[in-house]
């Protein structure tokens, strides 16, 4: 039968082998004989054939010639950790007679779409209700289900053969829109939204007959509490049951719908029982559990549902229409649940951080293995949340500049290690986000405490929600300017440690004054534009530097914030960035840049990936009129490294700056070498040639070789 289907344009339009080109394919089947999997190998694909029944895989291997060219995987694609699947993605994903057997169809399809390579194709082969006998229609799709399946794809093609529909999907282009129903009836202007998650932390949503996704919920009856209404609506609409003691009012949302003032109570249900069903098929077509990071590509959501989801997990649905929120005073208990994939990825992240030497202590190592980082970045897929070298941006200002983020795990571990914490200590954090505070809380557990402060109400709201959802209950989140410390929350004798998680150009007196004697302040200090996480130990009124690490953070936005003086040159093609003091006089530089450029090889080389952080600091703290030169990637006016700026100095209408060029390639980073080159323009070049570069540290040479003129 499959051989007859392939001439329907599929083998040429979406499954091209391209001669000897090998394309990777994921083939999902249900009790399949393996014919399609083997056929795909004949087209030139490397095939991963997946079935949840081990016996079916065994039969396929035994019965099909060419089966040895297929990688056979026993996996429940809906529930199992997909660790065995290709990390590099697939050119083609096929689902043969699988889709009707899935419960969380939308989630599975979104997950598979995320594994497609650029220009990849997803093919669904399924029976359809119109051509399936009545007794077997439970394994077929009707027109509405096919419509939902194809939502969010930029290209959709359909072929039909022998009672099967072959759906060819390309270009995942999911989005979401908050939509409304008709004008609410007067008795339904006060409603409730019940927010329930499963054992994997996924949220329950129903597909309504109005073709939108909705939370369980509805109007509040006369004399009924919000919590009672949420429990009742959950049971009536889904068949799930909950005790009223496990229903917690988070906030009341207020907006105007047409000429009606609408109130929506958001109730978080922390525990439930029963079996998910469809008690009201006249209102809903199905209920599914959804990953939080996929909510923003889900399509249409009922507006109160979208607002309720964003109230529980701020940031998962950006760009919502405005709503007023009145948070409830009580804090619900933490709610657990995470998929097996999150556990695996967290352990892998921890291993990489530990192997890098960033978490030498058992306490920090255990925190990395335990605290669920993905629950503090719910808008991101798991692989982004658990990237050990990635800072995840969680908030941007109106210009698109990052103003809040969850820093890279290796850096967070390193800065926590510098605090030298012990159980029972109280720690101050300036700049919130939640994950870093929870790591610290884990280290100082069980009796320790973390006080975190941020000046952004959105960041504070987000941190409070996430620490309540996934934390230990040891983090206090305050709205305020972190440069003032945490007045009113300082323990007797001072904080046992303080960590600043935004760039700062100076040390606030409050940080020293609120720190206990002998304890450590760790902060990312900007030194003429270069940032280093420095550990400072308090001895009286003096802070002694003990250790430092190269780093980068979002900039301070509080009372002590500063802006960088930027001088545009050549119409903005080049920029001089001056971080401290009086900006240098750029007079004459425009003419100098259009003239010849002198280049002086220094003879100083470094291996690939070898740090020259101390060289940057030496130049920044010793050169007169120090600044940094930045420019457009394609500028011909300066020899700047791509994506970076250069240490520079300006004087007498002249400019000199330091770059590095590859002089020896190697199979490994250690075998390659790059040499530092001094570039200079302007009338002061002859004078500078005799003194550039200064000695950059022990064991390095000064200038070597003649200067070249361009």
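The values are calculated or read from the model by the stated rules, or taken from the named source; none is laboratory data. Since this is a predicted model, take the numbers as computed values, not measurements. Note that each Cβ is placed from the backbone with ideal geometry, even for glycine, and that neighbours are counted across all protein chains shown.
How do the strands (runs of 3 or more DSSP E) wholly within the stretch 252-331 filter down when requiring 1 or more residues that are surrounded by fewer than 21 Cβ atoms within 10 Å (Cβ to Cβ) and within 23 Å of the chain's Cα centre (by Cα): which remain?
284-290, 299-302
Determine, yes or no, whether residue 81 is more than 23 Å from residue 59 (Cα to Cα), part of a loop (DSSP other than H, G, I, E, B) and at pLDDT below 90.
No: the conditions fail for residue 81.
Can you tell me how many residues within the stretch 505-525 are over 18 Å from residue 414 (Cα atoms) and either assigned to a strand (DSSP E or B) or not assigned by TED's automatic domain parsing to the domain that holds residue 413 (or both)?
Qualifying residue count for the region: 4.
Here is a yes/no grid of residues against (1) assigned to a strand (DSSP E or B); (2) in contact with a strand residue (DSSP E or B) (Cβ under 7 Å, 6 or more places away or on another chain); (3) surrounded by fewer than 20 Cβ atoms within 10 Å (Cβ to Cβ); (4) at positive phi:
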site: 439; (1), (2), (3), (4): no, no, no, no
site: 446; (1), (2), (3), (4): no, no, yes, no
site: 460; (1), (2), (3), (4): no, yes, yes, no
site: 493; (1), (2), (3), (4): no, yes, yes, yes
site: 496; (1), (2), (3), (4): yes, yes, no, no
site: 536; (1), (2), (3), (4): yes, yes, no, no
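In the stretch 476-486, what residues are more than 21 Å from residue 397 (Cβ to Cβ) and in a helix (DSSP H, G or I)?
Across the stretch 476-486, the qualifying residue is only 484.
If I ask for residues that are closer than 23 Å to residue 103 by Cα, touching a helix residue (DSSP H, G or I) at 6+ places or on another chain (Cβ under 9 Å) and outside any strand (DSSP E or B), which ones from the stretch 232-251 would you list?
The answer is 240, 242.
Please verify whether residue 473 is more than 24 Å from residue 397 (Cβ to Cβ), in contact (Cβ under 8 Å) with a residue 40 or more places away in the chain and out of contact with any strand residue (DSSP E or B) (no Cβ under 9 Å at 6 or more places or on another chain), treating the condition exactly as stated.
yes
Which condition number does residue 76 fail, the rest of (1) in contact with a strand residue (DSSP E or B) (Cβ under 8 Å, 6 or more places away or on another chain); (2) farther than 20 Å from residue 172 by Cα being met?
(1)
What about residue 655, is it under 21 Å from residue 528 (Cα atoms) and either assigned to a loop (DSSP other than H, G, I, E, B) or in contact (Cβ under 8 Å) with a residue 24 or more places away in the chain (or both)?
So residue 655 fits the description; yes.
Restricting attention to strands (runs of 3 or more DSSP E) lying wholly within the stretch 90-196, give those where 1 or more residues are at positive phi.
116-127, 164-172
Cβ-Cβ distance below 7 Å, separation of 6 or more or different chains: which pairs start in the stretch 349-363 with a residue that is in the same structural domain as residue 417 (by TED's automatic domain parsing) and end on one that is in a loop (DSSP other than H, G, I, E, B)?
Listed pairs, sorted by first residue: 349/386; 349/388; 352/388; 353/359; 353/388.
So is residue 255 over 24 Å from residue 147 (Cβ atoms) and outside the structural domain of residue 377 (by TED's automatic domain parsing) or not?
yes
Quick one: which of 630, 680, 648 is in the same structural domain as residue 588 (by TED's automatic domain parsing), surrounded by 13 or more Cβ atoms within 10 Å (Cβ to Cβ), in contact with a helix residue (DSSP H, G or I) (Cβ under 6 Å, 6 or more places away or on another chain) and part of a strand (DSSP E or B)?
680
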